[in-house]
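Below: one structure, written as structure tokens.
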Amino acid sequence: MTKVHVITRDNRHLYEDPLEEYFRLRHEVFVKERGWRDLHRPDGREIDAYDNGNAVYLLALDQDHVVGGQRLYPTVMPHMLSEVFGHMAQRGIPRAEHIFEWTRYFVIKERRMGRTDCRLLAAVQEFCLQEGITELTAVVEMWWLPRWQQTGFKVKPLGLPTVIEGQPCIAAAITISRESLDQVRRLAGLRDSMLVRDDQMSPVLERVPHVAA
Amino acid sequence: MSDRAFDHATEAFAFIDSLDDLISPDDVVEAVARTFSLFGFENFIMTGLPNPKERFEQVVLLKKWPMGWFDIYAKHDYVRSDPIIRLCKNTTQPFEWSEAPYDRMTERKAAEVMDRATDFRMRDGFCLPIHGVNGYEACFSMSGVDLDLSPRTKPALHLMAMYAFERARRLLETQSPVAPSLLTPREREALIWAAAGKSAADTGEILGITERTVTAHIVSACQKLEAVNKTQAVARALQYKLIQL
């Protein structure tokens, strides 16, 4: 049964193998499949400046293998929207302790027809509700918007679509809500929590370094 | 950024924000007609893409189409030959009608639908494919004779169209989550026996049809209910009161 595991710097030593597989899959999906050649790395592991101690990973694992993943990163730190895609947010970049950036979302090819997407989407809502994260920002390909909307996500555009690597993409802010979690669960017929997390994990918001936004 | 592009952005965000206040599908038709006419659009349709067993009329969400054209389109079942619909299934990006390929020589019906549309002032168009989860497919196609389609206007149109579609979908969903006539009698029967714990083989014997036919009914019910498997289809059919035990 696929579950979504929360991995932070507190417990990453327990997930060495899945994380290694995760970085390789990212290379597979984002560089090879989508053709984001800037991310190419000779060792076949797609790792960027935001894969550091501030990142939180929510990985979908099925029998110890990664079938999908996503990353959360504090917006009070320099992050992708502030450093790379700022021009896409004509309405301003939401930044606060309780706002995180959501990046590197993927589901492996073999699982794209099933419920893995919904599990990951439910997991991100559930995790944010638990942690007091109220909003996520993200840059996504436009075709994702109806998928999010259908699963009950409340999405506000931060700018007009801009073509990146041949695909119209948009910067957006997503309001975390209980209704969204309920809707995605209903749609996928998911009854219970998807999340596997370490009870000892320190609250994410308390770990965010206090820096001027 | 040029002032004009900024205007389109402001216009797009104002339009999107205003959608929240609309309370009926007709409001959406009116709002879309008003705003999209600024770009030269005269007609539009938001529709699901029918599977081989569905009729076009069943999957249309909203439309502002010229009098008469809808009847012609439905009567000739043009949805199966329409090059716009075909491209919709194969791309996630919005496109101009002129970008939808077909062969005038060998695809007579495709040429026919495009030609006859022109008679109704649907000469050029812009189409946004929608690909949701659980295999949900739809499109928002709009047209007219003098369109303002450029790299400056398209991003705003793309974004507005997506939000307008979602607003329409949501409003129609709350009106009636699933139409009662959605499932055929055979599909309902197959689900009722599944709910009673019978396998497809058992059900086939009970109903005097082959196991394969039973499975086909279940698969079709799954599609209509946007269910990922038989269990979920049964659950939804019960929830929507399409079957009773």
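The values are calculated or read from the model by the stated rules, or taken from the named source; none is laboratory data. Bear in mind that the values here come from a model prediction, so they are computed numbers and not experimental data. Cβ: placed from backbone, ideal geometry, glycine included. Neighbour counts: every protein chain shown. The protein model used for the area step is the full one, side chains on, heavy atoms only, and it has no ligands, DNA or RNA in it. Shrake-Rupley method; radii C 1.70, N 1.55, O 1.52, S 1.80 Å.
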For this session: Have a look at region B:180-239 and give its Rg and Dmax from the Cα atoms, expressed in angstrom.
Result: 10.2, 28
Exercise. To the nearest 10 square angstrom, what accessible area does residue B:13 show with a 1.4 Å probe?
Worked result: 20
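Between residue A:32 and residue A:87, what FRET efficiency comes out of the Förster formula 1/(1 + (r/R0)^6) with R0 = 41 Å and r the beta carbon distance, rounded to 0.05? Show your work: numbers first, answer last.
Numbers: r = 27 Å, r/R0 = 0.66.
Efficiency at R0 = 41 Å is approximately 0.90.
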For this session: With an 8 Å cut-off on Cα pairs and a minimum separation of 6 or more residues, tell me the relative contact order of region A:68-115 in percent.
Result: 55
Problem set entry | region B:99-214: translational diffusion in µm²/s, Stokes-Einstein, Kirkwood Rh over Cα pairs, 37 °C, 0.692 mPa s | 175
Exercise. For the residue pair residue B:37 and residue A:154, what label-to-label distance in nm results when each label sits 7 Å from Cα along the Cα-to-beta-carbon direction?
Worked result: 3.3
Seminar exercise, completed: Here D for region B:3-174, in µm²/s, from Stokes-Einstein with a Kirkwood Rh over Cα pairs at 20 °C and 1.002 mPa s, works out to 130
Exercise. Measuring with a 1.4 Å probe in the full set of protein chains, what accessible area per residue, in whole Å², belongs to region B:3-174?
Worked result: 46
Exercise. Quick one: length gained pulling residue B:14 to residue B:201 fully straight, 0.36 nm per residue minus the C-alpha distance?
Worked result: 61.7 nm
Seminar exercise, completed: the protein assembly as shown: Kirkwood hydrodynamic radius (Cα pairs, Å) comes out at 24.0
Problem set entry | Inter-site label distance for residue A:110 and residue A:186 at 7 Å from Cα along Cβ, in nm | 3.4
For this session: Roll a 1.4 Å probe over the protein heavy atoms and report the accessible area of residue B:21 in Å², nearest 10.
Result: 120
Exercise. Under unit Cβ charges (Lys, Arg +1; Asp, Glu -1), what dipole magnitude, rounded to 20 debye, does the protein assembly as shown have relative to its Cα centre?
Worked result: 900
Problem set entry | Average other protein chain Cβ within 10 Å of Cβ, residues B:230-238 | 1
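Determine the shielding of peptide A:147-155 by partner chains: average, over its residues, the number of Cβ atoms on other chains within 10 angstrom of each Cβ.
Whole-number average of other-chain Cβ neighbours for A:147-155 is 4.
Evaluate peptide B:156-168: per residue, the Cβ atoms of other protein chains within 10 Å of its Cβ; return the mean as an integer.
Taking the mean over all residues of the peptide, I get 3.
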Exercise. Helix-derived [θ] at 222 nm for chain A: sum -39500 (n - 2.57) over DSSP H runs of at least 4, divide by residue count, nearest 500?
Worked result: -7000 deg cm²/dmol
Exercise. Over all pairs of distinct alpha carbons, what does the Kirkwood formula give as the hydrodynamic radius of chain A, in Å?
Worked result: 17.4
